[in-house]
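Below: the structure, in structure tokens.
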Amino acid sequence: MPMYQVKPVCGSHMKTDLPTCMYKLPNVHAQQGDSSTAEHALQNGDVDPAVKALEARQDEIMRKLYDLKAAVEGLAKTVTTPDADLDLTVSSSLSSQSPTSTSTTFKGVTDLDKLLGKDLGALRDIVINANPAHPPLTLLVLHSVLCQRYRVLSTVHVHSSAASVPPQLLSCLGPRHADSYARQMFQLGFTLIWKDVPKLQMKFSVQNMCPVEGEANVARFLFKLLSPYPSDPAVATLVDSWVDMAFFQLAEGSAKERAAVLRALNAALGRSPWLAGPEFSLADIACYCCVLQGGPASSTPSNVQSWIKSCDNLGHFSPAKLFLK
């Protein structure tokens, strides 16, 4: 359908008086040779050398700022610890074993840079807030195994909200190391703060992740630093199921729920040496700690008692057994 034709309101060569106080810019549309050259350069992906130099300078400035930020964060952690209003450092330890001597119990190799991110100039510090009324035994076990694989700087602090902390909790991560001031020697920081909190909390990176709550979830995070989760979804689900039963039924459930879980443990251990099959896993660590927290091993079924002895032979549970006596 034809449209109405409207005559132009103004001529094409109409001149407009511009104020003299403004900057004068060349008319881009009036340039013939230069505009075609610029369009051709843009189509070929070419960049002005001046822009390249500016980008390189910006990248160099950002790299220096990143290094400075990492160095400042590292210095800040040597002065104070997050959430430690009353900063009483009582322990700082490094594993006496070589970090390259990994335990044969765990299969697979993990990369700290891949899991925690590469942070140049600052120690990657895992900060855990725990209530002294409920010591996290599984985390003490995992800390002991982490020290066998990595160079771990371990420190214990007491928050002002904790009225009284038993002496054994103040030294639960081992004795103070002579080189604790040289943080660059360590691969991982493990900071435990005894604090009046309803649930165990873990903070790793304030900028990149939210706090993790619950002993079961923190145990999953720490175990992944030792060994990857099973690639088989069925096995991974089985491990998570046992971990949940350990913390929600064995540790916090009624006597009827605890008895039901012990029967399930006895049946599972009758089919395989470990709870998730032929390999030792986080399920064994969680269930071991929660079973012994509920009572002596002599009151458990026969298969569970044999499994407890097998766990004791590994040597990983010495830190937890100190609090079970």
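Can you find even one residue in the stretch 296-303 that is over 27 Å from the mean Cα position of the chain (by Cα), surrounded by fewer than 22 Cβ atoms within 10 Å (Cβ to Cβ), not polar (S, T, N, Q) and not in a loop (DSSP other than H, G, I, E, B)? Checked against the condition, which is being over 27 Å from the mean Cα position of the chain (by Cα), surrounded by fewer than 22 Cβ atoms within 10 Å (Cβ to Cβ), not polar (S, T, N, Q) and not in a loop (DSSP other than H, G, I, E, B), the stretch 296-303 yields at least one hit. Here the stretch 284-325 is the region considered, the condition is being among the small types (Gly, Ala, Ser) and modelled with pLDDT of 80 or more, and the residue that is farthest from SER254 (Cα to Cα) is GLY315. I need the full set of residues from the stretch 253-267 which are under 24 Å from GLY315 (Cα atoms) and open to solvent by less than 10 Å² (accessible area, probe 1.4 Å), in order please. Passing the criteria: only LEU265. The condition (being of a type in the set (A, V, I, L, M, F, W, C), under 19 Å from PRO136 (Cα atoms) and open to solvent by 70 Å² or more (accessible area, probe 1.4 Å)) is satisfied by just one residue among LEU250, LEU226, LEU322: LEU322. Report whether or not ALA178 is open to solvent by less than 50 Å² (accessible area, probe 1.4 Å), farther than 27 Å from ALA246 by Cβ and at pLDDT below 90. Against the criterion (open to solvent by less than 50 Å² (accessible area, probe 1.4 Å), farther than 27 Å from ALA246 by Cβ and at pLDDT below 90), ALA178 does not qualify. Screening the stretch 185-205 for residues that are modelled with pLDDT under 85 and aromatic (Phe, Trp, Tyr) and picking the one that is most open to solvent (accessible area, probe 1.4 Å) gives PHE204.
The values are calculated or read from the model by the stated rules, or taken from the named source; none is laboratory data. The structure presented is a predicted model; accordingly, all values stated were derived computationally and were not measured. Because the Cβ atoms are built from the backbone with ideal geometry, glycine has one as well, and the counts that use them run over all protein chains shown. These area figures cover heavy atoms from the full protein model, side chains too; ligands, DNA and RNA do not enter into them. Shrake-Rupley method; radii C 1.70, N 1.55, O 1.52, S 1.80 Å.
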